[in-house]
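The values are calculated or read from the model by the stated rules, or taken from the named source; none is laboratory data. Keep in mind the model is a prediction, meaning the values are calculated, not measured. In case anyone asks, the SASA skips ligands and DNA or RNA and just uses the protein heavy atoms, side chains included. Shrake-Rupley method; radii C 1.70, N 1.55, O 1.52, S 1.80 Å.
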Amino acid sequence: MGVLLGFILLFLGGIGAIIFSLLAHRLKENIYFILGCVFTGLVLIYILFNWEYIWYMLQSGPSALFGLVILSFVAIPVVFLILSKQKNPSGSGDSDLTDDAFLDEIINAEDEEIDYES
């Protein structure tokens, strides 16, 4: 019964870690980053305490996929948590304008003269 409860909590924690890390990356909110770190930390603690069992799962044939799923519960959130703390992940330059200010600047800009003869 205890092993089954451990696996259920592992999957719930892993799904929570992935969801909160994706929200932290998408919305850039610190609360989602913190929750993603907490859930990822809990899954990582489970993996560290049961590393022999997970290593055995990775080496055996049928349960290797299950071991990779468990390791992905740490790998995926770590990637998105790192990406959430980057300054400018979209690579759109170093402008400090928000989306609305950027659009207002384009709409209110002077018209350009186009030379069709050249």
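Taking the criterion of being open to solvent by 100 Å² or more (accessible area, probe 1.4 Å) and part of a loop (DSSP other than H, G, I, E, B), the residues of region 100-114 that qualify are 108, 110, 111, 112, 113, 114.
Do you know which residues across region 19-61 are open to solvent by less than 50 Å² (accessible area, probe 1.4 Å), in a helix (DSSP H, G or I) and farther than 13 Å from residue 82 by Cα? Scanning region 19-61 gives 41, 43, 47, 54, 57. Counting residues in region 77-88 that are polar (S, T, N, Q) and at pLDDT 90 or above gives one or more.
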